[in-house]
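**Q** Starting off with a structure, shown below.
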Amino acid sequence: MNYDDLISAATDVGYLLLRNGAEIYRVEDSMQRIFRAYGVETGEVFAIPTCIFVTITTPEGKSITKIKRLYTRGTDLDKVDQANDLCRRICRTCPDVSSIHAEVEKINRRPVYDFWTQVAAFAMVAFSFTLFYGGTLPDAFCSLFCGAGVKLVNHFMGRFQANAFFTNIVASCVAATIAMLAVQMGFGANLDKIIIGALMNLVPGIVITSFMRDIMGGDLIAGLIRFVESLLVATAIAIGAGIALMVPRLIWGV
């Protein structure tokens with residue numbers, strides 16, 4: 001057994017889970033199960049949202065440690081599901097370790113929705129939440145363009161590798177500006193409902209759920225990191241919307 005390859009393969013699976021939005025306990029438990037499947041009972045895994053630390057001890061008493069830094073994260077529950085299935089198959093069949101890397105790469109290459117489908121999805125989220133929070137049908141139609149604007153900003157800011165905090169400020173500002181223009185031109189009536197519906201695209205719902213689950217599960221460091229992350233997102237959303245609403249009033253008294 002090549003333990004260097006084993007720890008590398010297990011880390012790849014954990015990295016795949018963490019990068020696509022899996023909970024901390026799922027990442028650690030999946031990696032430990034893989035180690036036990038190959039007869040390694042001394043696998044120690046410590047994961048936080050930005051890094052994975054792994055150490056195993058071979059039967060000869062040699063310790064092997066691997067650290068893998070996570071620079072970008074997102075949410076792709078399809079890949080999380082596929083990674084879970086891969087972990088179960090690994091534990092059940094104990095395949096050759098080299099084949100695990102190939103399976104991870106196969107999951108990474110799984111297709112995602114094309115750009116314009118994602119734009120339409122953002123628009124429909126805004127439309128639905130505007131109605132949910134009491135907006136009228138014209139308000140909801142206005143929010144379609146706000147939601148699409150949020151996705152367009154995220155896409156183009158991502159091409160320049162802008163940090164998430166600044167991206168959320170710009171996206172929130174653009175959505176609120178479009179909503180204000182729509183109301184000023186008479187297409188919508190409830191500015192607050194339109195803005196709220198559009199900004200729901202930016203609310204980190206999964207992050208909020210995850211940090212609560214992490215804290216309740218005893219992963220305090222990971223939970224606090226995600227808690228701070230959710231606060232920063234909320235702050236960015238508020239700053240962006242505030243800029244869009246206050247600047248016209250300060251300049252033109254609108």
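The values are calculated or read from the model by the stated rules, or taken from the named source; none is laboratory data. This structure is a prediction, so every number in the text was calculated from the model and none was measured. A quick note on method: Cβ atoms are made from the backbone with ideal geometry, for glycine too, and the neighbour counts reach across all protein chains shown. Just so you know, the surface numbers come from the protein's heavy atoms only, side chains and all, with ligands and any DNA or RNA stripped out. Shrake-Rupley method; radii C 1.70, N 1.55, O 1.52, S 1.80 Å.
**Q** About its Cα centre, how strong a charge dipole does the stretch 3-108 have in debye, to the nearest 20, once Lys and Arg get +1 and Asp and Glu get -1 at the Cβ?
**A** It comes to approximately 140 debye.
**Q** Okay, moving on. Setting aside same-chain residues fewer than 8 positions from Lys62, which aspartates and glutamates have a Cα under 19 Å from its Cα?
**A** Of all the aspartates and glutamates, those that pass the test against Lys62 - Cα under 19 Å, at least 8 places apart if same chain - are Asp4, Asp5, Glu41, Glu44.
**Q** Quick one: Kirkwood hydrodynamic radius for the chain, alpha-carbon pairs, angstrom, one decimal?
**A** Over the chain, the inverse of the mean reciprocal pair distance is 20.3 Å.
**Q** Where does the chain land at 222 nm, in deg cm²/dmol rounded to the nearest 500, when only DSSP H runs of n ≥ 4 count, each adding -39500 (n - 2.57), divided by all residues?
**A** Helix-only estimate at 222 nm: -23500 deg cm²/dmol.
**Q** Can you give the angle from 0 to 90° between the axis of helix 77-93 and the longest principal axis of the chain, with both taken from C-alpha atoms, to the nearest 10?
**A** The angle comes out near 10 degrees.
**Q** Helix 205-216 versus the longest principal axis of the chain: what is the Cα-based angle in degrees, 0 to 90, to the nearest 10?
**A** Around 50 degrees separate the two axes.
**Q** Oh, and also: Solvent-accessible area per residue for the stretch 145-245 at a 1.4 Å probe radius, Å²?
**A** 51 Å²
**Q** Answer with one residue from Leu131, Gly186, Leu70: the one whose Cα lies farthest towards the positive end of the charge dipole of the stretch 65-192, charges on Cβ with Lys, Arg +1 and Asp, Glu -1.
**A** The Cα lying farthest towards the positive end belongs to Leu70.
**Q** Just grab the label-to-label distance for Val247 and Arg69, each label 7 Å out from Cα along the Cβ direction, in nm (one decimal).
**A** Result: 3.4 nm between the two label points.
**Q** Here's another thing I want to ask about it. By how many degrees, between 0 and 90 and to the nearest 10, does the Cα long axis of helix 24-37 differ from the longest principal axis of the chain?
**A** 20 degrees
**Q** Starting from the Cα of Lys79, draw a straight line to each of the aspartates and glutamates and keep only those under 19 Å, dropping any in the same chain fewer than 8 residues away.
**A** Asp12, Glu23, Glu28, Asp29, Glu103, Glu105, Asp114
**Q** Want the number for Ala121 to Asn108: 0.36 nm per residue separation, take away the alpha-carbon distance, what's left?
**A** 2.5 nm
**Q** Right, next: Using only Cα atoms, locate the centre of the stretch 171-232 and the centre of the stretch 64-125, then give the distance between them in Å, rounded to an integer.
**A** 25 Å
**Q** Let me ask something else. Got a sec? Charge dipole of the chain, +1 on Cβ for Lys and Arg, -1 for Asp and Glu; which of Ser230, Thr42, Asn84 is way out at the positive end?
**A** It is Ser230, whose Cα lies furthest towards the positive end.
**Q** Any idea what the relative contact order of the chain is, in percent, if you count C-alpha pairs under 8 Å spaced at least 6 apart?
**A** 18 percent
**Q** Based on Cβ point charges of +1 for Lys and Arg and -1 for Asp and Glu, what charge dipole magnitude is obtained for the chain about its Cα centre, in debye rounded to the nearest 20?
**A** 380 debye
**Q** Ranked highest first by the average count of other Cβ atoms within 10 Å around their residues, in what order do 1-12, 85-96, 149-160 fall?
**A** 1-12, 149-160, 85-96
**Q** Let me ask you something else. Under a point-charge model restricted to the Cβ atoms of Lys and Arg (+1) and Asp and Glu (-1), what is the dipole moment magnitude of the stretch 131-254 relative to its Cα centre, in debye to the nearest 20?
**A** 200 debye
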